[in-house]
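One structure is given here, and the rest of the page talks about it.
A short reminder: the numbers here are calculations on the coordinates, not readings from a lab. Just so it is clear, the structure is predicted and the values come from calculations on it, not from any experiment. Here the Cβ positions follow ideal geometry from the backbone for every residue, glycine too, while neighbour counts run over all protein chains shown.
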Amino acid sequence: MIAIEFDHTGAPLECVTRAVRPPKRGHILIRVGACGICRTDLHVIDGDLPDPKPHIIPGHEIIGRVVAIGSGVKAFKIGDRVGVPWLGATCGRCHYCREGHENLCDQPGFTGYTIDGGYAQYATADAEYAFAIPPEYSDEEAAPLMCAGLIGYRAWTLVRDARRLGIYGFGAAAHIVAQLAAFHGQEVYAFTRKGDKAAQKLARDLGAVWAGPSENLPPKLLDGAIIFAPIGPLVPLALAALVKGGTLVLGGIHMTEIPAMPYALLWGERVVRSVANLTRQDAIEFLKIAPRVPIHPHVTTFDLEDANVAIDRLRAGKLTGAAVLIPPS
């Protein structure tokens, strides 16, 4: 099969040929129809996340059809369409797994980081960490739901009671959360890079009541906010935009250093908390809600062989919505 491989930081991704192996017990082999490009992929490629699997195939927003099934798999059959997210395995034994917090597992496996992912014609996944995909979505539309959607949903559940919700960094996850929040009657305030008129227009088109640069205060103070951009200096800016008792959620897996800031920004019982990974229950809940909203992912597609082009555009902030790779048939 054709696959895109990451070798080391500073080098472009390489197009290679890999053997397609039958799935082992409990696993499924998937013919990839589409794989989204997530900012977490950038963190792997750029060295922000340490020690990826050597010669890893990135990609954890996988949509495809089951073409082979390992022994012991009962949930899927040949031809089923499935999605595979970032969380690819957990130990099931540690304190966090036993207490229902598998997203914090001490010995996890992550698709496209420690487990080969979906920048390829085929991918293998543990069947217990794959999910049936609603028929309302094409492969390319469904791909961003697997991480931008799932992490966005988990972050949103922590501020779902906020009447006025700010979203900082209006990329793939934010444009999904904006639709979810507007559906639930929240006022959405979108914060973008200075001068990013395309992202601001998309935010308004998706129901935001205001869109502007991240450096600006919104016209009204916010009850809650989510930061998706991996930029530490946004933390004091977002705290300054919160009412007393408001919650700020940090939705990324990596963030640059948070600068020193006056305690007054936290005082007033403002809360700052992070979101780590996802649980399978998050996926079950979100994939039920998404067609009801309905969430419409805005995607730009690229051929698999153009992965480096897509990555460069994402890194430069030249994409609106989500980017998706399409493998050759």
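Scaled to the globular estimate 2.2 N^0.38 Å, the Cα spread of the range 1-86, given as radius of gyration, is 1.20.
Extents of the range 172-214, taken as max minus min of Cα coordinates on every principal axis and listed largest first, are 29, 18, 16 Å.
Principal axis analysis of the Cα atoms in the range 159-274 yields extents of 37, 27, 26 Å, listed in decreasing size. Pairs of lysine residues in the chain that meet both criteria, 8 or more places apart or on different chains and Cα atoms under 17 Å apart, total 6. Judged by the mean number of other Cβ atoms found within 10 Å, the most tightly packed of the peptides 221-230, 16-25, 77-86 leads the ranking 221-230, 77-86, 16-25. When peptides 197-205, 176-184, 211-219, 231-239 are ranked by their average number of other Cβ atoms within 10 Å per residue, the highest-first order is 176-184, 231-239, 197-205, 211-219. Every Cα-Cα pair in the range 18-146 was counted, and those over 23 Å apart are 30% of them. With a cut-off of at most 14 other beta carbons within 10 Å, and DSSP calling the residue loop, which trypsin sites (Lys or Arg not before Pro) in the range 122-178 qualify? Please list them. Here the sparse-neighbourhood loop sites are R160, R163. Quotient of the Cα radius of gyration of the range 249-329 and 2.2 N^0.38 Å, N being its number of residues: 1.56. The angle between the Cα long axis of helix 148-157 and the longest principal axis of the Cα atoms of the chain comes to about 40 degrees, rounded to the nearest 10.
Size descriptors for the chain, from the alpha-carbon set: Rg then Dmax equal 19.3, 58 Å.
In percent, how large is the relative contact order of the chain, given Cα pairs closer than 8 Å and 6 or more residues apart?
It comes to 19 percent, rounded to a whole number.
With a cut-off of at most 14 other beta carbons within 10 Å, and DSSP calling the residue loop, which GluC sites (Glu not before Pro) in the range 256-329 qualify? Please list them.
E257, E269
So what's the angle, to the nearest 10 degrees on a 0 to 90 scale, between helix 172-183 and the longest Cα principal axis of the chain? Roughly 60 degrees, rounded to the nearest 10.
Annotation: extensible slack from K24 through Q107 equals 27.9 nm (criterion: 0.36 nm per residue apart, minus Cα-Cα distance).
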